[in-house]
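Engineer: Just dropping this structure here.
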Amino acid sequence: MTEAAQKTPLHIAPRTTAPKTWQQALADAVTNVPDLLAAVGLSDRADELCAKPSARFPLRVPRGFIARMRHGDANDPLLRQVLPSSAEDLPVTGFGPDPVGDLASEHCSGLLQKYQGRALLITTGACAVHCRYCFRRDYPYGDSAITHSKLDAVLEHVASDRSIRELILSGGDPLSLSDDRLRQLLKRIGEIGHVERIRIHTRQPIVLPERIDADLCATLENAPRPLVIVIHCNHANEIDATVTPALQRLAACSQALLNQSVLLRGVNDSTPALVELSETLFASGVLPYYLHQLDPVTGAAHFAVTDAMARQLVREAAHQLPGYLVPKLVRELPGEAAKTPV
Ligand SMILES: *Cc1c(COP(=O)(O)O)cnc(C)c1O
Ligand code: SF4
């Protein structure tokens, strides 16, 4: 790297440096508030903008995602999703550590079964980004990949339950696993005859597009069952020229490529933001799936949008979009047999 390139400000780094491997991009993520604020030109407002993140859910954000934030704008919709706020420390009635009843639906350690025909496997606790509103921010699964012995037990359970037609790889982010572990996992799932589909829930195509490299695509193309890939993108600005090719590659190796978003105050709680998100997703080969009402997890109350407002936003967006670009507005309620329409 030339000296000039090294001195290039962070916010334009991806356009001026050689492509990184995904492991390098992951290792290079920003993990503290001062570095993040410096990268977006907000160092002088540090006192006013944020509190220290708790040790349990520290700040983490890849530099490529930071590069898509507007410089000097404390209200940037991408920055707001990752910057810890002092509001996180306020206790709010109705917000708790296990908002969607995950602990009660864990039939065997690492496997959540809430809905008929589907089971959700917690493959790892690790994510490339830490979203401040995350519904699993307090879930006690640490950062590590599922152990081999736990995985054996989970797959044995899946093999014994013929009602499971679709296995969902989730986390954390399942693409945090190495290609080797993913290949092994897919192969072993393929040995269970009654699992007809494999779904992958991941935010990495958005926050770490470097992850969607040739090796991963080869792994996914060779999956033993049709794949459904559900990404997580909340705002059109999250998709730029580094992300679109990654999404197009995923579209090519999956049966369906869908997006889920969370409705977040100050991020995407406007009709134009929702319309633009759907249009931008479609342009990259992705269809909207769910728009989630926020799960009431401790520390996220400042992101909440009222149901009345949420309904109005989706109604207005539906007046400007074809039906297939309108996401379903849902919330997850403990004990329900499906996500509940709002
Ligand atoms: C959300 C969720 C699913 C998937 O539900 P779909 O409506 O099929 O997308 C499956 N299992 C669990 C535990 C979930 O939380
Ligand atoms: S990527 Fe998903 S699981 Fe990870 S912190 Fe963000 S919302 Fe939570």
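The values are calculated or read from the model by the stated rules, or taken from the named source; none is laboratory data. It should be emphasised that the depicted structure is a prediction, and the values quoted were computed from it without experimental measurement. Heads up, the Cβs are rebuilt from the backbone with ideal geometry, glycines too, and the neighbour counts pull from every protein chain shown.
Engineer: For the stretch 285-334, give me the residue count where each residue is within 12 Å of ligand 1 (Cβ to nearest atom) and over 30 Å from C253 (Cα atoms).
Structural biologist: Of the residues in that region, 3 qualify.
Engineer: Of all the residues that make up the stretch 294-332, how many are part of a loop (DSSP other than H, G, I, E, B) and touching a residue at least 24 places away in the same chain (Cβ under 8 Å)?
Structural biologist: Within the stretch 294-332, residues that are part of a loop (DSSP other than H, G, I, E, B) and touching a residue at least 24 places away in the same chain (Cβ under 8 Å) number 13.
Engineer: Then there is this: Pick out the one residue from H148, H107, H157, H130 that is within 15 Å of ligand 1 (Cβ to nearest atom) and either modelled with pLDDT under 95 or within 23 Å of the chain's Cα centre (by Cα) (or both).
Structural biologist: Result of the check over H148, H107, H157, H130: H107.
Engineer: Wholly within the stretch 151-238, which strands (runs of 3 or more DSSP E) include no fewer than the required count, namely at least 2 residues that are under 25 Å from E279 (Cβ atoms)?
Structural biologist: Result: 197-202, 227-232.
Engineer: Over 12 Å from the mean Cα position of the chain (by Cα), within 21 Å of P62 (Cβ to Cβ) and within 13 Å of ligand 2 (Cβ to nearest atom): which single residue out of L216, L277, L250, L169 fits that description?
Structural biologist: L169
So that you can scan it fast, the table gives a plain yes or no per residue for (1) surrounded by fewer than 16 Cβ atoms within 10 Å (Cβ to Cβ); (2) touching a residue at least 60 places away in the same chain (Cβ under 8 Å):
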position	(1), (2)
Q81	no, yes
A87	yes, yes
T93	yes, no
L103	yes, no
L111	no, no
A126	no, no
C134	no, yes
S149	yes, no
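Engineer: Still on this structure, please answer the following. Restricting attention to the stretch 319-333, and to residues there that are more than 19 Å from the chain's Cα centre (by Cα) and surrounded by 13 or more Cβ atoms within 10 Å (Cβ to Cβ), which single residue is nearest to P296 (Cα to Cα)?
Structural biologist: L333
Engineer: How many of the residues in the stretch 303-331 are out of contact with any strand residue (DSSP E or B) (no Cβ under 7 Å at 6 or more places or on another chain) and within 16 Å of ligand 2 (Cβ to nearest atom)?
Structural biologist: Adding up the residues that qualify gives 2.
Engineer: Give Q255, Q260 a once-over and let me know the one that is in contact (Cβ under 8 Å) with a residue 24 or more places away in the chain, under 30 Å from K187 (Cβ atoms), surrounded by fewer than 22 Cβ atoms within 10 Å (Cβ to Cβ) and touching a His at 6+ places or on another chain (Cβ under 9 Å).
Structural biologist: Every option except Q260 fails the conditions.
Engineer: Still on this structure: Would you mind finding the one in G72, G94, G101, G171 that is under 30 Å from Q24 (Cβ atoms) and out of contact with any strand residue (DSSP E or B) (no Cβ under 8 Å at 6 or more places or on another chain)?
Structural biologist: Within the list G72, G94, G101, G171, the selection yields G72.
Engineer: Read through the list (1) in contact with an Asp or Glu (Cβ under 8 Å, 6 or more places away or on another chain); (2) β-branched (V, I, T); (3) over 29 Å from R211 (Cα atoms), then give the number of the only condition that T93 fails.
Structural biologist: (1)
Engineer: Also: Of these, R203, R188, R162, which one is under 18 Å from A256 (Cβ atoms) and modelled with pLDDT of 95 or more?
Structural biologist: R203
Engineer: While we're on this one: Has the stretch 80-99 got any residue that is within 16 Å of ligand 1 (Cβ to nearest atom) and either farther than 25 Å from A246 by Cβ or not in a helix (DSSP H, G or I) (or both)?
Structural biologist: yes
Engineer: How many residues are out of contact with any helix residue (DSSP H, G or I) (no Cβ under 6 Å at 6 or more places or on another chain) and part of a strand (DSSP E or B) when one looks only at the stretch 248-293?
Structural biologist: Counting residues in the stretch 248-293 that are out of contact with any helix residue (DSSP H, G or I) (no Cβ under 6 Å at 6 or more places or on another chain) and part of a strand (DSSP E or B) gives 10.
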